[in-house]
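Everything on this sheet refers to the single structure shown next.
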Amino acid sequence: MSTDTRPAAARRRSAPAPRPGRGPARRRKPRGNPVAGVGSLIWLVIVLVPLYTLVSASLMRQDQALNGDPLAIPTDPTLENYDTVLDSGFLTLLGNTAIVAVVTVVLVLVFSVPVAYVAVRTRSRLSSLAFRTFLLGVAIPAQAVIVPLYLLIGKMGLYDTLWAIILPTAAFAMPVAVLVLSGTMRDVSEEMYEAMSLDGASPVRMLWQLAVPLSRAGISTVAIFSALQAWNGFLFPLILTQSEENRVLTLGLFNFMTQFGVNIPAVLAAIVLSVVPIFAVYLVARRALVNGLMGVGGK
């Protein structure tokens with residue numbers, strides 16, 4: 001038992017200061033991962049070298065591209081290859097592709113957002129079965145249904161129109177869209193739904209005023225994914241269109257390879273011009289894309 005009769009405050013003031021090294025442990029700095037750093041550097045080189053070669057060769061003349069070093073910096077860069085591509089109807093291809101991408105994104109969002117909301121908010125077995133059946137579309141490749149799809153588009157009178165590309169592209173993008181959106185909407189707190197329900201909000205109001213604003217990351221992910229799928233699609237334009245005025249970029253690039261088969265820089269210039277718009281969209285929305293994909297599967 002202590003024999004010190006001084007007040008507690010006086011004892012605390014006279015207590016010896018803690019020695020250095022005996023205090024609370026300092027927070028350690030996170031260690032670096034050299035293996036991950038080296039791997040990232042290697043992956044960066046693998047990605048950047050082909051892009052550099054693509055742009056560099058598109059600025060060369062034909063003889064330089066065939067006989068020179070593909071990794072060399074162009075000594076006499078020229079834009080003649082880009083002029084050649086632009087004079088060959090490239091802007092028409094770009095316009096058709098933009099129309100297909102925008103309308104596809106609109107259709108996917110208009111239909112997949114309500115479907116995902118119903119799948120999340122409805123607890124019945126029928127809703128769960130319908131949701132799982134709907135997701136079977138992820139496992140069905142487009143090549144497996146291209147023949148019946150060709151016959152259906154012909155019966156509908158849509159062959160050789162942009163709608164013949166838009167409708168199948170949107171249909172094949174919707175299963176993944178519903179999967180992403182349902183995972184994002186499950187992260188919305190149940191208490192928020194109950195609070196709006198007590199205020200007398202209808203399911204439609206809860207969808208547009210609660211679920212949609214809080215699912216913007218998932219909606220952005222779906223929009224980017226659908227736009228990429230529409231922009232890079234090749235099978236549907238090849239089978240379901242025929243005329244020059246309804247061609248899109250992927251089919252146009254295929255024709256450029258035939259038309260300018262010997263002019264390699266012109267083909268590479270067409271590829272550069274086709275990549276720039278969608279690459280710019282990706283750079284702007286890449287953070288929303290990553291955040292939306294992280295929400296897949298719910299809590």
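The values are calculated or read from the model by the stated rules, or taken from the named source; none is laboratory data. Everything quoted here is computed from the prediction, not taken from an experiment. Cβ atoms come from the backbone with ideal geometry, glycine included; neighbour counts cover every protein chain shown. Note: accessible area is taken over every heavy atom of the protein model, side chains too, but ligands, DNA and RNA are not part of it. Shrake-Rupley method; radii C 1.70, N 1.55, O 1.52, S 1.80 Å.
Could the peptides 46-56, 108-118 be put in order, highest first, of the mean number of other beta-carbon atoms found within 10 Å of their residues?
Values: 46-56: 12.8, 108-118: 20.3.
Highest mean packing first, the order is 108-118, 46-56.
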Tell me, Kirkwood radius of the range 133-292 from alpha-carbon pair distances, in Å?
18.5 Å
Rounded to a whole number, what % of the accessible area of the range 90-129 do carbon and sulfur atoms account for, probe 1.4 Å?
77 percent
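Order these peptides, 192-205, 223-236, 85-98, by their mean beta-carbon neighbour count within 10 angstrom, highest first.
Values: 192-205: 12.1, 223-236: 20.6, 85-98: 17.8.
Going from most to least packed, we get 223-236, 85-98, 192-205.
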Hey, how many Å between the Cα centroid of the range 193-239 and the Cα centroid of the range 76-107?
28 Å
With the Cα gyration tensor of the range 185-277 giving a ≥ b ≥ c as the square roots of its eigenvalues, does the rule (a/c under 1.5 for rounded; else a/b larger than b/c for prolate; else oblate) give rounded, prolate or oblate?
prolate
Mean separation of Cα contacts under 8 Å (at least 6 apart) over the residue count of the range 169-272, i.e. the relative contact order in percent, is 27 percent
